[in-house]
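This report concerns only the one structure given below.
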Amino acid sequence: MGKLIVNAGKKGARINREVYGHFSEHLGRCIYNGIYVGENSPVPNIRGMRADIVDALKHIRLPVLRWPGGCFADEYHWRDGIGPREKRKKMINTHWGGVVEDNSFGTHEFLDFCEQIGCEPYITGNLGSGTVQEMSEWVEYMTFAGVSPMSALRAENGREKPWKVKYFGIGNENWGCGGNMTPEYYADEYRRYQTYIRNYDGNRVYKIACGASDINYKWTEVLMSNAKNYMQGLSLHYYTITNTWAKKGSATDFTEQEYYTTLKKALFMEELVANHSNIMDRYDPEKNIGIIVDEWGTWFDVEPGTNPGFLYQQNTMRDALVAAVTLNIFNKHCDRVKMANIAQMVNVLQALILTDGEKMLLTPTYHVFDLYKEHQDGTLIESYAETTSAGTEDTPVPDLHVSASENGGKIHITLANLSSRESRKVTMELLGAKTDNISAKILTDDIHAHNDFANTNKVKPVDFTDFSRTEAGVSFTIPACSVMGITVG
């Protein structure tokens, strides 16, 4: 029997709702035939945006969406995506699949999509192949209400009123696809570009610098040393790769050993966030600069028969467990992690939603975000799970993983059982609060279980009521390979 202690009297930092953000790139079928189908599509839409996807994202309270990339961002020129669609320039998407990008989804469409959902836009500017003037004028085009060539151009294109754009990234992966830069060179370029990202008409831009890829601690050191006074956020990218980059393995056909290897690599996010935070603490002990984990998630081989440049993969309970432990980690480091964006929203990598023509399904990862949405803007409270080792001798992982918050007078606890086969009896003690009113939902199935277009609801949360009262709180059994969202109060 394992002990779970939740101490409502010991509070931490606020869990920014933006920790539950998403990422959408011009990659594969994420934008086209995913988010955007066009106004003349037989698929029900609102100004070209799939209505079912808008509804699904509103349901999980999507707080922020990153766009247009990714690697695509540093070859994207925003003027190509404004004005009459029939006159927009066409280009080859050299990063992802070599297909034609017709720019029919651009600035106006993206910001309309965000308004339909009610989420904050997070735009990544082109530092790699763009100019300072281009980036500066994009911000002016979107946010300036006064008289200028950019505001006049925006009005000419059908939008008189400026948008509010809070989050702006200055480049993406500039250590790699964004220009193969050294950290010293990028720091200087960042300082130059960000100078011209202006705050217009009450719009306050939260400037995000390109940060490290996983264990590149030197990059964080150099950026904090050379540019900390010019940023509000520093990004971090980490993908959970089970085997190797060359042979990542199947998203659905995997061994139990591969299941545990995936989870162990997902848990490495804890060490990454802690180590980058420690570096940042030396330069920013007040924690004014946030870690922005704006690309994270699983990455497997593409589904057989699909374009290898489209990164389309299925999504199983293994992915759900990766999402659960990762979000718990972000919650527990909410004093420094201020935003995160899973890669990606629709039809790409660890997607929350998959589409096939008019059909749409919600993946197990989507359901984890649904179970965790009550943490948004909550206050972290102390939680501890007494664990035993699951996994194999070579790849041990803890069986239980937890985080908890207080929000609106209620306690929200998210608990995962990582064991592939063994259920776990848990006794939960809630300090500083009563357990008189408790409810829960659970997502559980075989490690390979997933939804497909023949059975779109095979894996979904259900109510969990099997609690027993104890002197200290409650006891219950959490099944193998499961994620629970528990509400007390």
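The values are calculated or read from the model by the stated rules, or taken from the named source; none is laboratory data. From a predicted model like this one, the values you see are computed outputs, not experimental measurements. Here the Cβ is made from the backbone with ideal geometry for all residues, glycine too, and neighbour counts use every protein chain on show.
When region 423-436 is limited to residues that are in contact with a strand residue (DSSP E or B) (Cβ under 7 Å, 6 or more places away or on another chain) and in a loop (DSSP other than H, G, I, E, B), the one that is farthest from residue 410 (Cα to Cα) turns out to be 423. Does residue 302 satisfy the criteria of being free of Cβ contacts under 8 Å to residues at least 60 places away in the same chain, on the phi < 0 side of the Ramachandran plot, surrounded by fewer than 24 Cβ atoms within 10 Å (Cβ to Cβ) and not hydroxyl-bearing (Ser, Thr, Tyr)? Considered against the rule, which asks whether it is free of Cβ contacts under 8 Å to residues at least 60 places away in the same chain, on the phi < 0 side of the Ramachandran plot, surrounded by fewer than 24 Cβ atoms within 10 Å (Cβ to Cβ) and not hydroxyl-bearing (Ser, Thr, Tyr), residue 302 comes out as yes. Of all the numbered requirements in (1) surrounded by fewer than 21 Cβ atoms within 10 Å (Cβ to Cβ); (2) under 21 Å from residue 150 (Cα atoms); (3) touching a residue at least 24 places away in the same chain (Cβ under 8 Å), residue 82 misses one, and that requirement is (1).
Filtered by the rule that a residue be under 16 Å from residue 267 (Cα atoms), of a type in the set (Gly, Ala, Ser) and in contact (Cβ under 8 Å) with a residue 60 or more places away in the chain, region 362-417 gives 385, 390, 391, 403, 416. For the condition within 23 Å of residue 375 (Cα to Cα) and not acidic (Asp, Glu), residue 237 qualifies.
Among the residues of region 13-50, just one is crowded, with 23+ Cβ neighbours inside 10 Å and among the polar types (S, T, N, Q), namely 24. For region 87-96, filtered to residues that are of a type outside the set (A, V, I, L, M, F, W, C) and crowded, with 16+ Cβ neighbours inside 10 Å, the residue that is modelled with the highest pLDDT is 88. Number of residues in region 1-39 that are outside any loop (DSSP other than H, G, I, E, B) and not small (Gly, Ala, Ser): the value is 16. Against the list (1) more than 20 Å from residue 380 (Cα to Cα); (2) touching a Gly at 6+ places or on another chain (Cβ under 8 Å), the condition residue 292 fails is (1). Out of the residues in region 251-264 that are outside any helix (DSSP H, G or I) and in contact with a strand residue (DSSP E or B) (Cβ under 9 Å, 6 or more places away or on another chain), which is nearest to residue 22 (Cα to Cα)? Among them, the one singled out is 251. Identify, from the list 39, 25, the residue that is touching a Lys or Arg at 6+ places or on another chain (Cβ under 7 Å) and at negative phi. Answer to the check: 39.
Filtering region 56-68 for residues that are surrounded by fewer than 19 Cβ atoms within 10 Å (Cβ to Cβ) and under 17 Å from residue 355 (Cα atoms) leaves an empty set.
So, residue 140, is that one part of a helix (DSSP H, G or I), farther than 30 Å from residue 309 by Cβ and touching a residue at least 40 places away in the same chain (Cβ under 8 Å) or not? It is true that residue 140 is part of a helix (DSSP H, G or I), farther than 30 Å from residue 309 by Cβ and touching a residue at least 40 places away in the same chain (Cβ under 8 Å).
Going through (1) farther than 18 Å from residue 468 by Cβ; (2) at pLDDT 95 or above one by one, residue 431 falls short only on (2). Note on region 356-373: residues that are surrounded by fewer than 21 Cβ atoms within 10 Å (Cβ to Cβ) and part of a helix (DSSP H, G or I) amount to 2.
Annotation note: of 140, 120, 115, 101, the sole residue that is crowded, with 22+ Cβ neighbours inside 10 Å, of a type in the set (Asp, Glu) and farther than 22 Å from residue 175 by Cα is 101. Out of everything in region 388-422 that is acidic (Asp, Glu) and part of a loop (DSSP other than H, G, I, E, B), what residue ends up being surrounded by the fewest Cβ atoms within 10 Å (Cβ to Cβ)? Step by step, filter region 388-422, then rank; the result is 393. Just one of the listed residues (125, 70) is small (Gly, Ala, Ser) and within 23 Å of residue 200 (Cα to Cα), namely 125.
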